[in-house]
1. Step by step: find N for the range 108-172, compute 2.2 N^0.38 Å, then divide the Cα radius of gyration by it. What's the final number?
2. Multiply the residue gap between Leu221 and Met1 by 0.36 nm, knock off their C-alpha separation, and tell me the result in nm, one decimal place.
3. Dipole of the chain (Lys/Arg Cβ +1, Asp/Glu Cβ -1, origin at the Cα centre): which of Gln167, Ile226, Gly98 lies farthest to the positive side?
4. In nm, to one decimal, how far is the Glu240 label point from the Leu91 one, both placed 7 Å along Cα→Cβ?
5. For the chain, report the translational diffusion coefficient in µm²/s to the nearest whole number, using Stokes-Einstein at 4 °C, 1.567 mPa s, and a Kirkwood Rh over Cα pairs.
6. Picking from Val164, Val210, Val152, which is most flexible by a Gaussian network model of the chain using Cα springs under 10 Å?
7. Please label the shape of the range 157-284 as rounded, prolate or oblate, based on the square roots a ≥ b ≥ c of the eigenvalues of the alpha-carbon gyration tensor (a/c under 1.5 means rounded; beyond that, a/b larger than b/c means prolate, else oblate).
8. Let me know the volume per residue of the alpha-carbon convex hull for the range 187-248, in Å³.
Amino acid sequence: MKIGFTGSPLERIDIERDDPAAYAARRADPRAVKLCLDGLDPVADGARLAWEPLGETANDLALLGEIDGVPRFVELVRHADGRPYRAFLGLLDALAHGESGTYAAARSLVDWHARHRFCAKCGTATEMFRSGWGRRCGACGAEHYPRTDPVVIMLAEHSGHVLVGRQARFPAGLYSALAGFVEVGESIEEAVARELFEEAGVRAIDVRYVASQPWPFPSQLMIGCIARVEAVELCLDEHEIEAALWVDRDTVRAALAGDPAAPFSVPPRYAIAHTLLAQWVEGA
Ligand SMILES: [Zn+2]
């Protein structure tokens with residue numbers, strides 16, 4: 001199964017990021033290109049992301065890595081907030097698998113630089129280092145690295161049914177897996193159990209990891225799990241969950257197929273909730 005925002009062909013060459021000469025050589029490579037972005041949105045060239053020559057720029061260029069031996073950069077431009085991803089779902093759908101993974105890395109990196117221009121320790125302006133994979137404070141020496149925020153997203157399971165819920169802001173009819181940020185001092189399993197109890201009032205008996213994906217809005221790591229729960233009675237946190245349904249495999253299969261008779265619709269295939277539902281139908 002192809003998971004959204006994964007499969008990038010980028011060679012990240014982390015081992016050379018600390019070498020300014022290696023960075024300079026790649027920047028001087030006549031084949032080097034930078035990713036085309038429309039604000040933070042992707043720009044496609046057919047089924048591929050669009051790239052352009054580095055040209056002259058006063059902005060920093062972060063080295064994403066190499067694809068097919070060609071150095072790939074992204075320009076660190078300050079931008080307005082990106083559009084909601086649903087605005088460019090069609091474009092993502094048209095991309096070959098793996099292209100969205102490269103986009104995810106670039107988008108999260110550009111966005112992180114734009115939001116971390118000052119040192120979190122002393123407030124002084126920071127500068128890019130490590131070929132674009134960090135920022136350093138010239139005043140106190142603190143180093144700051146692009147962050148990934150872990151989020152658990154899970155299906156509660158009981159007697160051949162799984163629980164899907166919807167938030168008021170979702171498109172009409174859409175139900176998804178429940179989700180929440182992992183908190184400090186918490187394991188993945190503990191976060192799954194806590195979120196299921198807080199949002200739906202169900203107690204997890206065991207938690208199984210299924211798959212993960214980056215979610216670059218702005219920089220989450222979605223950790224997909226399925227949790228067996230001890231009972232089906234729900235107590236919804238109505239601030240978070242407007243409604244929830246227990247659904248069996250035939251119902252999920254119909255929803256995944258886009259059957260208009262299905263009692264709910266599923267998130268797009270780029271979302272790991274889609275992957276989780278599809279894997280559960282297949283017996284995960
Ligand atoms: Zn500092």
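Every number here is computed from the coordinates shown, using simple stated rules; none is lab data. Given the structure is predicted, the values throughout are model-derived calculations rather than measurements. Ideal geometry is used to build each Cβ from the backbone, glycine not excepted, and the neighbour counts take in all protein chains shown.
1. Details: Rg = 19.7 Å, N = 65, 2.2 N^0.38 = 10.7 Å.
Computed over Cα atoms of the range 108-172, the ratio equals 1.83.
2. Additional length available on full extension: 77.4 nm.
3. In the chain, that residue is Gly98.
4. Label at Glu240, label at Leu91, 3.3 nm between them.
5. Values: Rh = 20.6 Å.
So the translational diffusion coefficient is about 63 µm²/s.
6. It is Val210.
7. Rounded shape, in that the Cα axes give a/c under 1.5.
8. Hull volume normalised by residue count: 113 Å³.
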